[in-house]
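A short write-up of the structure that comes next.
The values are calculated or read from the model by the stated rules, or taken from the named source; none is laboratory data. The structure displayed is predicted, hence computed values, not measured ones. Positions of Cβ are backbone-derived with ideal geometry, glycine not excepted, and every protein chain shown enters the neighbour counts.
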Amino acid sequence: MKVVVQRVTEASVTINQKVVSKINSGLLILLGIEAEDTHEDINWLSKKVSNLRIFNDENDVMNKSLINIDGDAIVVSQFTLQASTKKGNRPSYLKAAKPEISIPLYESFVKQLEKDLGKKVGTGTFGADMKVSLLNDGPVTIIIDSKNKI
């Protein structure tokens, strides 16, 4: 399971010209799921993301987490994070989990993140053509792969 975490001052997800999620200060989280991912990956990654100290403290040092600042989050499913570009110029998505695996894992990740944050998390719609807007703050963008825990 991979995430791209972006610290934002605002972000939104629009589907068919309708805004379905919108936040101010917080994290936009792009989530890529592969077939081998489990609830262990979800728990580890949710804890890592919610406690990631990438928000500035009173001394302008990145020392606060999303929990500390009571920030918001949006989680967007992004199967293209599992792309392989080793061969040729057309990415292969063989590692990306099929919907029957990825949808329940995506929903579980959102629920776990809501539990860890103690608040509702915005989402897109799985498989929809989404327009994601954001104002990256910093910019701060971090990639985390649950397969690289050690």
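How many residues does the stretch 57-107 contain that are over 21 Å from Asn24 (Cα atoms), surrounded by fewer than 16 Cβ atoms within 10 Å (Cβ to Cβ) and in contact with a strand residue (DSSP E or B) (Cβ under 6 Å, 6 or more places away or on another chain)?
Qualifying residue count, the stretch 57-107: 2.
Got a sec? Which of Asp72, Asp57, Asp41 is charged (D, E, K, R), under 21 Å from Val20 (Cβ atoms) and modelled with pLDDT of 95 or more?
Selected residue: Asp72, the only one of Asp72, Asp57, Asp41 that is charged (D, E, K, R), under 21 Å from Val20 (Cβ atoms) and modelled with pLDDT of 95 or more.
How many residues are surrounded by 14 or more Cβ atoms within 10 Å (Cβ to Cβ) and either touching a Phe, Trp or Tyr at 6+ places or on another chain (Cβ under 8 Å) or in contact (Cβ under 8 Å) with a residue 40 or more places away in the chain (or both) if we restrict to the stretch 108-127?
13
Working only within the stretch 4-54, note down all residues that are small (Gly, Ala, Ser) and closer than 21 Å to Met130 by Cα.
Within the stretch 4-54, Ala11, Ser12, Ser21, Ser25, Gly26, Gly32 qualify.
Could you list all residues from the stretch 45-63 that are under 25 Å from Val13 (Cβ atoms) and not β-branched (Val, Ile, Thr)?
Listed by number, the residues that qualify are Leu45, Ser46, Lys47, Lys48, Ser50, Asn51, Leu52, Phe55.
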